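Asker: This is the structure I have questions about; it appears just below.
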Amino acid sequence: MSKIHAAITAVNGYVPDYILTNQELETMVDTNDEWIVSRTGIKERRILKGEGKATSDLAVPAVLGLLEKRGISADDIELIIFCTSTPDMLFPATANILADKVGAKKAWGFDLQAACSGFLFGLTTGAQFIESGKHKKVLVVGADKMSSVVNYEDRNTCILFGDGCGCVLLEPNEEGNGLIDAVLKTDGAGAPYLNIKGGGSLNPATHGTVDAGMHYAYQEGRTVFKFAVTNMADVAAEVMERNNLQADDVAWLVPHQANKRIIDATAERAGLPDEKVMVNIQKYGNTTSATIPMCLWEWEDKLKKGDNLILAAFGGGFTWGSIYLKWGYTKA
Ligand code: UT7
């Protein structure tokens, strides 16, 4: 019997309507469009506005659309892995909340937190349940409402992040398409450079933690950049090398969208021209767990069954990794 791979059989996404432009940010902090575009590549990002709206509300329309595209019902989903750093609440898991909102009554699920590498860690985890034969339909969601943890008075971070969701369905494939290999890494020594210090068990929320802004995302940009630019390129090159893939064999590089300069360095190291690199950072900024599945969603029409894709990410933790997958279908 041929090996069962976990193939992506459907992809969808959702971004909220509100567009926060560089021009609007210029009215909020001491920054300018030229600086933001030249240092990051970002022109605008989406923001989920409205009282009582949470990360699960980004995922609901994305998942309902995915079910419709695949022609299955919510009851067919067996497992939900919800990759996020901005869960609706500390607990219960946003996976549970999503399951309830979309009516996935037969699914179990959990949240997976690996910052910007969350989707790669989630995809690899979900694939294990398909490859083992335990499940036939696993939903992997990457969603973040970064606007809920961004300090819009901090120009170092507020220009970078946006809100969004991307999701994929994993199903068994016996034709050799699906997840082929993954290299995933963590290094807790990176924790001081990118974090949210308040609201966890170390610094439970108090007036003091809030006054000190500890509930906001903090980043030492220059240090993170240094690690990201080498590690993301290294890990993508490693996964290509150990699978004997030359640049010509790769149809698409799907990089985490944190900074256009990091994307360019990864593409250059892999020897891939711009035409083979998915980039939408200019429209959405860094949506953390959502960047990679949102790229797959946007490029779905161009993807062909059997295409070799290299996914790569670097994020808080530090966490980083790269996945080699063969795309599962050609859209009708
Ligand atoms: O997704 C998770 C992983 N995260 C990343 O991969 C992000 C990695 N880091 C980065 O992408 C970049 O470090 C940033 C885009 C965050 C910053 O770019 P940079 O080229 O590293 O700039 P910098 O932090 O070294 O700052 C350069 C200058 C500073 O001024 P001085 O000290 O040279 O006078 C900053 O104060 O730019 C200043 N600056 C700004 N100026 C205008 C910082 N933020 C801004 C701003 N507008 N928004």
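The values are calculated or read from the model by the stated rules, or taken from the named source; none is laboratory data. Remember, predicted model here, so these are calculated numbers, not experimental data. So basically every Cβ, Gly included, is an ideal-geometry build from the backbone, and we count neighbours across all protein chains shown. Calculation scope for accessible area: heavy atoms of the full protein, side chains included, ligands and nucleic acids excluded. Shrake-Rupley method; radii C 1.70, N 1.55, O 1.52, S 1.80 Å.
Asker: Among the listed pairs 276/305; 260/331; 106/185; 49/105; 69/106; 3/305, give every one whose C-alpha distance is greater than 23 Å. Intermediate values should be presented prior to the final figure.
Answerer: Values: 276/305 16 Å; 260/331 28 Å; 106/185 32 Å; 49/105 29 Å; 69/106 20 Å; 3/305 18 Å.
Cα-Cα > 23 Å for 260/331; 106/185; 49/105; rest within.
Asker: Using only Cα atoms, locate the centre of the stretch 225-284 and the centre of the stretch 138-166, then give the distance between them in Å, rounded to an integer.
Answerer: For the stretch 225-284 versus the stretch 138-166, the Cα centre distance is 22 Å.
Asker: Among all the aspartates and glutamates, which ones have a C-alpha under 17 Å from residue 136's C-alpha, if same-chain residues fewer than 8 places away are not counted?
Answerer: List returned: 75, 76, 78, 171, 174, 175.
Asker: Please give the contour-minus-distance gain from residue 156 to residue 241: 0.36 nm per residue of separation, less the Cα-Cα distance, rounded to one decimal in nm.
Answerer: Details: separation 85, 0.36 × 85 = 30.60 nm, distance 3.56 nm.
Extra length from residue 156 to residue 241 when fully extended: 27.0 nm.
Asker: How much area per residue is accessible in the stretch 180-326 when the probe is 1.4 Å and only protein heavy atoms are counted (Å²)?
Answerer: The answer is 43 Å² per residue.
Asker: Per residue, what volume in Å³ does the convex hull of the Cα atoms of the stretch 1-142 enclose? Mind showing how you got there, number by number?
Answerer: Values: hull volume 20.4 nm³, N = 142.
Dividing the Cα hull volume of the stretch 1-142 by its residues yields 144 Å³.
Asker: Let me ask something else about it. Spelling out what I want: for every residue of the stretch 114-131, take phi, set θ = phi - 60°, compute 6.51 cos²θ - 1.76 cosθ + 1.60 (Karplus), and round to whole Hz; glycine and proline get x.
Answerer: Once θ is set to phi - 60°, the couplings for the stretch 114-131 become 9, 6, 6, 8, x, 5, 5, 5, x, 5, 5, 5, x, 4, 4, 6, 7, 4 Hz.
Asker: For residue 30 and residue 132 in one chain, what is 0.36 nm times their gap in residues minus the Cα-Cα distance, to one decimal in nm?
Answerer: Here the segment from residue 30 to residue 132 would lengthen by 31.4 nm.
Asker: Please compute, over every Cα-Cα pair in the stretch 183-332, the percentage with a separation greater than 28 angstrom.
Answerer: When all Cα pairs of the stretch 183-332 are counted, 26 percent exceed 28 Å.
Asker: Can you pull out the GluC sites (Glu not before Pro) in the stretch 1-84 that DSSP calls coil and that have at most 12 other Cβ atoms within 10 Å?
Answerer: 51
Asker: Sticking with this structure for a sec: Take every Cα pair under 8 Å in the stretch 114-237 that's 6+ residues apart, average their separations, divide by the length, and report that relative contact order as a whole percent.
Answerer: Rounded, it is 22 percent for the stretch 114-237.
Asker: Run the accessible area of the stretch 5-176 with a 1.4 Å probe and give the carbon-and-sulfur part as a rounded percent.
Answerer: Working: 3430 of 7010 Å².
Here carbon and sulfur together make up 49 percent of the probe-accessible area.
Asker: Got a sec to turn the phi values of the stretch 193-207 into Karplus ³J(HN,Hα) couplings, 6.51 cos²θ - 1.76 cosθ + 1.60 with θ = phi - 60°, whole Hz, x for Gly and Pro?
Answerer: 8, 7, 6, 10, 7, x, x, x, 6, 6, 10, x, 4, 9, 4
Asker: Moving on. List the lysines whose Cα lies under 16 Å from the Cα of residue 101, skipping any in the same chain that are fewer than 8 positions away.
Answerer: Partners found: 53.
Asker: Right, here's the next one. Relative to the Cα centre, what is the charge dipole magnitude of the chain, using +1 at the beta carbon of each Lys and Arg, -1 at the beta carbon of each Asp and Glu, and rounding to the nearest 20 debye?
Answerer: The calculation lands at about 460 debye.
Asker: So, one more: Each residue of the stretch 326-331 in order: what ³J(HN,Hα) in whole Hz does its phi give by Karplus 6.51 cos²θ - 1.76 cosθ + 1.60, θ = phi - 60°, with x for Gly and Pro?
Answerer: 9, 4, x, 7, 10, 5
Asker: Kirkwood-based Rg over Rh for the chain (C-alpha set), two decimals?
Answerer: Ratio of gyration radius to Kirkwood radius: 0.95.
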